[in-house]
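Peer 1: Take this structure first; my questions come after.
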Amino acid sequence: RPRQDLRRTPSDIPSKDLRVSTTMAGTGAYVQYLGLAILFHAGYSTIHYKNLPGTSVENLPPADVYVEVLMAFICTMIGSLVKANKLQPVRGGAESLKRTFDMENSRPEFQYFAHKGKAMKKRYGDKST
C-alpha cells in the first residue's frame, strides 16, 4: 500500500483573504437585506398612518418614517459597499501593452465596402493598366 503524503500544499489551504471576503460578502448581504426590510417597514408605517381615522392624505408622515428611510438608505449603501468585489485598476497595464495602436483603434463595424468603385470602373474604364 503506497504511503500518502500528509503534507498540505499552499493550494490546498484556503486563503485567509478568501475566507474574509466571503464572510464580508455574507455580512454585506445581511446588512443590505436588513436595510430593505427597514425600508418596507417604513412604507408599511406610512400606509398605516394614512389609514388612521382623523388623518388626511395631505398630512406628512411622522418623523419616525423619515428616520427609518434614512437608516434603510445607510444600511443598503453599506451593505452594497461591503459586498462589492475588489476594485480593478483604472489603467489596464499588461493587457493594453500587448496590443498595438492599430488593434486598439480598429473599428471593423465602420468599414464600408459597398461603394461606387465598381460603377466608376465600368463607366470610366480601368486606367491602371
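The values are calculated or read from the model by the stated rules, or taken from the named source; none is laboratory data. No experiment lies behind these values; they were computed from the predicted model shown. Here the Cβ is made from the backbone with ideal geometry for all residues, glycine too, and neighbour counts use every protein chain on show. When the accessible area is computed, the model is the full protein with side chains, heavy atoms only, and any ligands, DNA or RNA have been set aside. Shrake-Rupley method; radii C 1.70, N 1.55, O 1.52, S 1.80 Å.
Peer 1: Tell me, yes or no, whether segment 81-99 has at least one residue that is surrounded by 10 or more Cβ atoms within 10 Å (Cβ to Cβ), at pLDDT 75 or above, outside any helix (DSSP H, G or I) and hydrophobic (A, V, I, L, M, F, W, C).
Peer 2: Scanning segment 81-99, I find at least one residue that is surrounded by 10 or more Cβ atoms within 10 Å (Cβ to Cβ), at pLDDT 75 or above, outside any helix (DSSP H, G or I) and hydrophobic (A, V, I, L, M, F, W, C), so the answer is yes.
Peer 1: Shifting gears a bit: Regarding segment 20-43, can at least one residue be identified that is of a type in the set (A, V, I, L, M), modelled with pLDDT of 75 or more and open to solvent by 100 Å² or more (accessible area, probe 1.4 Å)?
Peer 2: Within segment 20-43, none of the residues are of a type in the set (A, V, I, L, M), modelled with pLDDT of 75 or more and open to solvent by 100 Å² or more (accessible area, probe 1.4 Å).
Peer 1: Just to be sure I understand the filter: pairs with C-beta atoms under 9 Å, separated by 6 or more residues or on different chains, first member in segment 40-58 and closer than 17 Å to residue 72 by Cβ, second member of a type in the set (Phe, Trp, Tyr) and open to solvent by 70 Å² or more (accessible area, probe 1.4 Å). Which pairs pass?
Peer 2: From residues that are closer than 17 Å to residue 72 by Cβ, the pairs are 42/66.
Peer 1: Name the single residue, out of those in segment 44-59 being of a type in the set (Val, Ile, Thr) and in a helix (DSSP H, G or I), that is least open to solvent (accessible area, probe 1.4 Å).
Peer 2: 46
Peer 1: Can you tell me how many residues within segment 67-80 are touching a helix residue (DSSP H, G or I) at 6+ places or on another chain (Cβ under 6 Å) and either modelled with pLDDT under 75 or open to solvent by 100 Å² or more (accessible area, probe 1.4 Å) (or both)?
Peer 2: So the answer is 0.
Peer 1: Name the single residue that is modelled with the lowest pLDDT among those in segment 100-129 being of a type in the set (Lys, Arg) and in a helix (DSSP H, G or I).
Peer 2: 118
Peer 1: How many residues does segment 1-19 hold that are surrounded by fewer than 10 Cβ atoms within 10 Å (Cβ to Cβ) and either of a type in the set (Lys, Arg) or modelled with pLDDT of 90 or more (or both)?
Peer 2: Number satisfying all stated conditions: 5.
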